[in-house]
1. Are there any pairs with C-beta distances below 8 angstrom linking a residue in segment A:53-75 that is within 15 Å of residue A:21 (Cβ to Cβ) to a residue that is in a loop (DSSP other than H, G, I, E, B), with the two at least 6 apart or on different chains, and if so which?
2. Answer yes if at least one residue in segment B:776-785 is over 30 Å from residue B:378 (Cα atoms), of a type outside the set (Lys, Arg) and under 18 Å from the mean Cα position of the chain (by Cα), and no otherwise.
3. Can you name every residue in segment A:64-74 that is more than 18 Å from residue B:32 (Cβ to Cβ) and within 9 Å of another protein chain (Cβ to nearest Cβ)?
4. Applying the selection to segment A:46-63, what residues are more than 7 Å from chain B (Cβ to nearest Cβ) and not basic (Lys, Arg)?
5. So residue B:393 ticks every box in (1) among the aliphatic types (A, V, I, L, M); (2) surrounded by fewer than 21 Cβ atoms within 10 Å (Cβ to Cβ); (3) within 16 Å of the chain's Cα centre (by Cα) but one. Which box is left unticked?
6. May I ask you to verify whether residue B:62 is of a type in the set (Ser, Thr, Tyr), touching a helix residue (DSSP H, G or I) at 6+ places or on another chain (Cβ under 8 Å) and at pLDDT below 75?
7. Looking at B:801, B:852 in this structure, which one is within 27 Å of residue B:374 (Cβ to Cβ), in contact with a Lys or Arg (Cβ under 9 Å, 6 or more places away or on another chain) and not polar (S, T, N, Q)?
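The values are calculated or read from the model by the stated rules, or taken from the named source; none is laboratory data. Being a predicted model, the structure only gives us computed values, none of them experimental. Cβ placement follows ideal geometry from the backbone for every residue including glycine, while neighbour counts extend to all protein chains displayed.
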Amino acid sequence: MPRPSASKAELVPGTLDMLILQTLTVQPLHGYAVAQHIERLSESVLRVEQGSLYPALERLQKKGWVTSKWGESPTGRRARYYTISAAGRKQLGAEITSFDRALLAINRVMRRA
Amino acid sequence: MSFLDGLRHRLRTLVRGSRYERELNEELEFHLSLDEMQAEHRGLAGDEARVFARRRFGNVTYLKEETRRMAGFSLIDAARQDLRFAIRTLRRAPGFTLTAVLTLAIGIGANTAIFSAVNTLLLRPLPFREPDRLMQITLVTPAAEGRPARSDMVWSFPKFAALRDAQNVFEDLGLYEETQSSLTGDGDPERISGEMIGGRYLPTLGIAPVVGRGILPEEDQHPDTRFIVILGDALWKRRYNADPAILGKAITLDGKPFTVVGVLPPGFKGLTGKAELMVPVMTRDGPGLAEKWSHEFELVGRLRKGVTPEAAARAMAVLGARIDAEIPGRVGGHWGATARELNGVRVDPLVRRSLLVLLGAVACVLLIACANIANLLLGRATSRRREIGVRLAIGAGRSRLVRQLLTESLLLSLLGAAASVLVAWWGVKLLGAVNPASTLRAQQLGGLGAVVFSSVRLDASAMIFAAALAVITGLLFGLAPALQATRPSLTASLTVGGERVRGAMLRRFASRNMLVIAEVALAIVLLAGSGLLLRSLGKMLAVNPGFDPRSVLTLRMTVPRQSMARDSLPAFYDLMLARLGALPGVTDVGLGNCPPLAGGCNSTEITFLDRPPVPDGSAPEVGVNWVSPSWFSALRVPLKRGRLFTAADRVGAPKVVVMSETAARRYWPNEDPIGKRVGLGQGGFADGATVVGIVGDVRFGSIDSLPRPEAYISYFQSVRQGMMIYLRGTSDPASMAGPARHAIREIAPGFPVYDVLTLRARVADAMAQARFSAILLALFAGVALALAGIGIYGVMSFSVAQRTREIGIRMALGAERRNVLMLVVGQGIALAGAGVIVGLAAALAATRVLRALLFDVAPSDPVTFASIIVLLLGAALLASWLPARRATRVDPTQALRGG
């Protein structure tokens, strides 16, 4: 029985929005797929809890960075598909830049200390 | 764009709440099913997979809550929840809810009704074109013999003409005068109110006839030429069946034919507020119009664009001085002129003041009602503190709880407002039934009459007012209890029995005490106001008007101008007096021209032929009344000296006058007036008449003004067309009306008889304005007193309930019932006493605004104040007596054990 492994990392706070936006740049996805995508690409290190995924998607929609539309999933069920908007892409760029800068800074600290 | 996308999203979630909910469920369901599928894929059995997926998924409800909160959904959702909760809570306490809603219904309803009146009479723009450019223009007269200075004197035609030709601040000037005419032909004779108007009167107001035309310029040029009439809408419909063919036909007014040229728009009754027809001022006779000192016309002007009212008033002052120089004043100094905004004189100042006093009073009542409900809510909050404590403990936000409690109070106040519409509707109906002519003394005092009580109605603005009041009151009585109830005192609230919540409770108790003190104080203010008005009314009722109004019927009659030669009038009087005197049950019949207590009628200058002549304009004024010899006995006016008129005092016999006591005292302080020779400026008595008698004073002006000097002339020596007939009978005076009308119709067919009233009713009408304010204010004060009593009762009951154990101990230790009684009652009285002290200070300040409404009572009248204090303390005694009695019934053992 698979259990959540100890190696799985909690998300760095504030990065979930960025990860979702990044994921959606490839194609419109429904919520489950977004979570799966993030999990798979991070090789199961990052896990997205539903409890934060849907509120986050709601938040992104409210800011106008993501829009949603009902469509049909490959299994034939109705699903809500999320699409990144132009504003979302701009926001993503900004977040990546600041994230990179922060990561760089952390790295510098970690290497020198 | 992103902003728009976001906004659209928000709107969607707001507008389609249920759909949003469904979609969220569907989305989560979908997610869950995919999780399950995956688990199955990994080799778990169906059930197990579902359990796993559920576990993995986490708390669905929490998830939904979070997502929903993110969607900004919570506000509306929470409001809906709060509302549902509030409805449930209120339904669970029907007694409380009913009390609160009823209290509010009365409070808000009374406010809405009075507001409607204030709105119609004082606030709403006058129903004329650009009403803010309309001004009333008047003459200013200096104080003269027995008469104060006035700044609202009406115009004579020559003075008006001088003003019209010289002024340049007004675009149009409208001249008007109230008239009474007898309308005969096609139907019963009628006495009709009308206006005699200048040619520019209707254009000045911006009123155009709906049928036909107004007054042409050539009809406004020369006196006594064109006899035309414009009908009012009501008269046109009533008497002429709204027939447009009436145009061009003649109707008979005072025996003369007048050609109908137009019909006025519905609802417009001129600035007098009662005109049923209008005739040009030029239908008057030339000599009458040319009389410089015959002041009778009101004047209204429409300001030129760009001219301010202040500039117009200044211009009028300048012109007034010029006119005075051309036509010098004859009594006591220079005359002037002024102008004021028409809106400012729309109702009499006394009426304005009464209305504002009433508005203040109802506002006080509403405040007391709010305090009372806040009190009830505080009491409820105490009994709900466990519930609230639990909610706080399990993490409910304070703001959310406050919002919930406020929802409850807003719901209460909105229910109250809904119920108040009924109260307001009833109140407005009552106000509409008020007779403006008598109640507002419209005939005796200033004010337009164009806006009257009957036009008061519940309109949109009244509804908005009620709704706004509901919200304000809801917040007012809800906020403090809500804040206090949710003050975090977690552990205390949860402690069983709540004995340790003393601190919080005392605080709550203190604020309840404050509320009761405020209530009592407000009640004192209202009681003081109504007490003063009632006392003033009582003093008015005690005034002797100078005649005996019991069992007297009065009718007015006018001999139409062309129907009878003046020489035959005395014979007609004889015939009529004899005929009416012979009616069964009639003991006395008298004729008089001036009804008592109705503002007074004629006055003129009096000269003394045995004294050196005085300079022009400085002769004293005296009221002149025409009476039949029998008038004095019919009204029981006592003869003080000399004799009354006799049958021998007729035209041709030596002229005689009777003077009133006040006249005798003022003009002959140290002499016997009998036999003195005087000249009166009216009735053909200027060349001299002999004083033959002195009679008691009669108040012709008003009940609350001192009698003026009066002179009486006999109808038989100086004939007049108009008269009021006084019938004194042995039976119910109103029952004489039918036979009297019948008798008059027999001897004088076609003579209009009108204004039939018992003399008692006339006396009552003269005091109607005072009675109106006094009764309404007394009603409000009564409500306030009851509410304050309920407030004291509530607090004392609560206090007794809280102190059950303490009282038990006291009784166990040997306290007598009497001591317990004193303890509780003493506390109630102390509370009321504090309120009385605060209230007295406020009342002494507030009642000063009543000064103008009071007759013979000082605003700080000690008798009134003493009695209201006794009244209020009595109510407080009663209100705390009941809980005190309950306290004495406390069983010590039970109180101690049960604590």
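1. A:58/B:71; A:62/B:71; A:62/B:72; A:64/A:85; A:64/B:1; A:65/A:85; A:66/A:85; A:67/A:85
2. yes
3. Those that are more than 18 Å from residue B:32 (Cβ to Cβ) and within 9 Å of another protein chain (Cβ to nearest Cβ): A:64, A:65, A:66, A:67, A:68.
4. Let us first name the residues in segment A:46-63 that are more than 7 Å from chain B (Cβ to nearest Cβ), namely A:46-48, A:52-53, A:56-57, A:60.
A:46, A:48, A:52, A:53, A:56, A:57, A:60, listed by residue number.
5. (3)
6. Working: of a type in the set (Ser, Thr, Tyr): yes; touching a helix residue (DSSP H, G or I) at 6+ places or on another chain (Cβ under 8 Å): yes; at pLDDT below 75: yes.
So residue B:62 fits the description; yes.
7. Numbers: B:852 fails: within 27 Å of residue B:374 (Cβ to Cβ).
Checking each option against the conditions leaves just B:801.
Okay, residues lined up against (1) of a type outside the set (A, V, I, L, M); (2) part of a helix (DSSP H, G or I); (3) over 25 Å from residue B:231 (Cα atoms):
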residue	(1), (2), (3)
B:127	yes, no, no
B:132	yes, yes, yes
B:137	no, no, yes
B:162	no, yes, yes
B:165	yes, yes, yes
B:172	yes, no, no
B:176	yes, no, no
B:180	yes, no, no
